[in-house]
Amino acid sequence: MLRLIFRAIGLWSTAGAFVAAVIDGMKSIAASSVVVTSAHTAWSDLAPSSLGALRGVVEGWIGPWAWAAASGSVLALPTWALLALLGGGLLVIGRKPDAVIGVVP
């Protein structure tokens, strides 16, 4: 059951990465230069209250340095790259186990 959830969320994240790449591509064509939207910018445009809530949780549990490190590295990635990494990781976690020769599941 958990594998199904991981695979479903991974598939949606990968699809979101494709959509974000298409949006950045359309913006780049319209601007006649390369436009890359960071994950922080996209998240603050879509749901600023949840980004603020996440900041409070991270700073409360770990410390202010963790939010500075996250917003400077992880959230600075392009949206499509972050979603592709998240989706790929979840798809790997949710994959079916490799069959062992001679062992019937």
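Residues checked against (1) in contact with a Gly (Cβ under 8 Å, 6 or more places away or on another chain); (2) among the charged types (D, E, K, R):
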position	(1), (2)
Gly16	yes, no
Val22	no, no
Ala31	no, no
Val35	no, no
Asp45	no, yes
Gly52	no, no
Leu77	no, no
Asp98	no, yes
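Table: residues versus (1) open to solvent by 60 Å² or more (accessible area, probe 1.4 Å); (2) touching a residue at least 24 places away in the same chain (Cβ under 8 Å); (3) of a type outside the set (A, V, I, L, M, F, W, C); (4) assigned to a helix (DSSP H, G or I).
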site	(1), (2), (3), (4)
Gly25	no, no, yes, yes
Val36	yes, yes, no, no
Val57	yes, no, no, yes
Gly72	no, no, yes, yes
Gly89	no, yes, yes, yes
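Starting from residues that are loosely packed, with under 10 Cβ neighbours inside 10 Å and closer than 30 Å to Ala17 by Cα, keep the ones in segment 91-105 and report whichever is modelled with the lowest pLDDT. Before you say what the answer is, go through the steps one by one.
Filtering segment 91-105 down to residues loosely packed, with under 10 Cβ neighbours inside 10 Å leaves 96-105.
Then keep just the ones that are closer than 30 Å to Ala17 by Cα; that gives 96-98.
Values: Lys96: 81, Pro97: 76, Asp98: 72.
Checked segment 91-105; the qualifying residue modelled with the lowest pLDDT is Asp98.
The values are calculated or read from the model by the stated rules, or taken from the named source; none is laboratory data. Worth saying up front: this structure is predicted, and the values here are computed from it rather than measured. Cβ coordinates were reconstructed from backbone atoms using ideal geometry, including for glycine residues, and neighbour counts include every protein chain displayed. To get the accessible areas, we keep the full protein, side chains included, count just its heavy atoms, and leave off ligands, DNA and RNA. Shrake-Rupley method; radii C 1.70, N 1.55, O 1.52, S 1.80 Å.
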